[in-house]
Amino acid sequence: MSDLFSADIEDEEYDDAGSASSPAGASRRPRLPLPVRMRPKSVDEVAGQRHLLKPGSPLRQLSGEDTGGPAGPTSIILWGPPGTGKTTLAHVIANGPGRKFVELSAITAGVKDVRRVMDQALQDRDLRGITTVLFLDEIHRFNKAQQDALLPGVENRWVVLVAATTENPSFSVIAPLLSRSLLLTLKPLDESDIAELIQRAVTSERGLAGTVELEPAALEHIVQLSGGDARRALTALEAAAGVAWGEAHANGTPGDADASSVVVLVTAEHAERAMDAAVRRYDKSGDAHYDTASAFIKSIRGSDVDAALHYVATMLEAGEDPRFIARRLMISASEDIGMADPTALQTAVAAAQAVQLVGMPEARIILAQAVVHLATAPKSNASYVAIGEAIGDVRAGKGKGIPSHLRDAHYPGAKQLGHGKGYIYSHDEPHGIAHQQYAPDDLVGKDYYRPTGNGAERAIGERVNRIRDILR
């Protein structure tokens, strides 16, 4: 059986890009992972991030593709979830003319390592005219002293710093370093970007070189489970191709045919076995998306916590954007729970913010906590119904005029119009409630908010009744 992905070059050696580079008989190194082999060589090969790659953008200037003008290279901080291209962009920038690429990991590097790079970069710049691109991964793991060590090199352009982080730099990067750098936010790749990247890897000589063909269902499965992570998508593709080739070899499918002409079909089953995840028929723009989201919200409304957790798991495993789920939770917290448990909205908003900061896969834990809170909370749609009725009356033309004593009396001539006359300051009254008219004349006595007897709203309802007795 021939090599897994390049049947016709079994005895050849691969260079750093993973492509065939030397004749038969040379010692062969292990082939690099597919995500590394498919790493773009230029800005135009980068998938996604179109908002950062427009003509004249800082990234294009740093890569050397847009030159000219008075601006020099600027250090940047790339903030985004895993697999969105932070490392890729650093390598593209380093491919520019007169560049030297140095990579440090905040997990292993210390202040001495940073200073050593800075000293060498200064020599390279002054003596050889070479610009050092310093890629610092996981910069949020650097403490203040380690980040301080970067300042002289960044400020004086001994290096062009390209720092990557998955955490909000406002909280994890010191202010002096932020002020000396451009903060660029990377977004998760959309499905079309991931699909294009996968198809490119199938045909590219740096990738699978046309040795496999993807069944549409397999492509859809890999795209959905990638979660906008390009690295994860390519890793899954390579694994699925490996499963397909292994099965073909076991079944003797290639036979004695010319290995270079063998093309193996990768099916959804191969992708499922490779990713150890069941193929889900879930189209994020189709019926499955809306049906699952509807079932999810209705399960929360119906207080079935187990069903709600099932549906949120279904969406997450199918590659649904966790921010979409978080937005639905915020709506449900007010629409279905409301004042029966006022803390539900606080939980939902906090979950949405945390999901944005943390990203997947840890975001699933945060979403689960919020789902459990909302599903088990007492329910009330009284606020939702109240605003609906109030808007209905406004659209029907009701609410004719604001009572004169409530109108603004601070501008010249207002008192002559009777504005503010007879207004009673509530804080001067017992219990802080003044007996006076607040609603327009045609809506006096109209009750929009009708509290339920559920949860905290029972006590709220009793208070509302007492207040209305005083007001009216």
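List of remarks:
Residue-wise test of (1) among the polar types (S, T, N, Q); (2) assigned to a loop (DSSP other than H, G, I, E, B); (3) modelled with pLDDT under 90; (4) assigned by the TED database to the domain that holds L345.
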site	(1), (2), (3), (4)
G388	no, no, no, no
G392	no, no, no, no
H405	no, no, yes, no
G420	no, yes, yes, no
A439	no, yes, yes, no
N465	yes, no, yes, no
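- Of all residues in segment 218-247, those being among the small types (G, A, S), assigned to a helix (DSSP H, G or I), touching a residue at least 60 places away in the same chain (Cβ under 8 Å) and within 18 Å of D193 (Cα to Cα) number 3.
- Tallying residues that are open to solvent by less than 30 Å² (accessible area, probe 1.4 Å), touching a residue at least 40 places away in the same chain (Cβ under 8 Å) and within 30 Å of A268 (Cβ to Cβ) within segment 288-315 yields 3.
- Odd one out for S27, checked against (1) modelled with pLDDT of 80 or more; (2) open to solvent by 60 Å² or more (accessible area, probe 1.4 Å): (1)
- Some residue of segment 409-428 being out of contact with any Ser or Thr (no Cβ under 7 Å at 6 or more places or on another chain) and in contact (Cβ under 8 Å) with a residue 24 or more places away in the chain: no
- Count of residues meeting criterion [exposed (fewer than 10 other Cβ atoms within 10 Å of the Cβ) and not hydrophobic (A, V, I, L, M, F, W, C)] in segment 389-417: 10
- Selection within segment 87-117 - in a helix (DSSP H, G or I), open to solvent by 60 Å² or more (accessible area, probe 1.4 Å) and touching a strand residue (DSSP E or B) at 6+ places or on another chain (Cβ under 7 Å): none
- In a residue-by-residue description of segment 31-40, the property of being open to solvent by 60 Å² or more (accessible area, probe 1.4 Å) and at pLDDT below 75 applies to no position.
- Of the residues L189, L234, L219, L197, the single one that is at pLDDT below 85 and aliphatic (A, V, I, L, M) is L189.
- Pairs, first of a type in the set (D, E) in segment 336-349, second part of a helix (DSSP H, G or I), C-beta under 7 Å, six or more apart: D336/I300; D336/R301
- Taking residues in segment 110-133 that are outside the structural domain of L151 (by the TED database), and partners anywhere that are modelled with pLDDT of 85 or more and surrounded by 15 or more Cβ atoms within 10 Å (Cβ to Cβ), not one pair has Cβ atoms closer than 7 Å while being at least 6 places apart or on different chains.
- Qualifying residue in segment 431-441 (condition: out of contact with any strand residue (DSSP E or B) (no Cβ under 9 Å at 6 or more places or on another chain), within 19 Å of I387 (Cβ to Cβ), among the acidic types (D, E) and in contact (Cβ under 8 Å) with a residue 40 or more places away in the chain): no
- Output for segment 287-315, where each listed residue is of a type in the set (A, V, I, L, M) and under 17 Å from A370 (Cα atoms): A293, A295, I297, I300, V305, A307, A308, L309, V312, A313, M315
- So P73, is it in a loop (DSSP other than H, G, I, E, B), surrounded by fewer than 11 Cβ atoms within 10 Å (Cβ to Cβ), assigned by the TED database to the domain that holds P176 and modelled with pLDDT under 80: no
- Looking across segment 442-459 at every residue that is farther than 18 Å from E389 by Cβ and in contact (Cβ under 8 Å) with a residue 40 or more places away in the chain, the one that is most open to solvent (accessible area, probe 1.4 Å) is identified as N454.
The values are calculated or read from the model by the stated rules, or taken from the named source; none is laboratory data. In this text the structure is predicted, and so the values were computed from the model without any measurement. Cβ atoms come from the backbone with ideal geometry, glycine included; neighbour counts cover every protein chain shown. Ligands, DNA and RNA are excluded from the accessible area calculation, which covers all protein heavy atoms including side chains. Shrake-Rupley method; radii C 1.70, N 1.55, O 1.52, S 1.80 Å.
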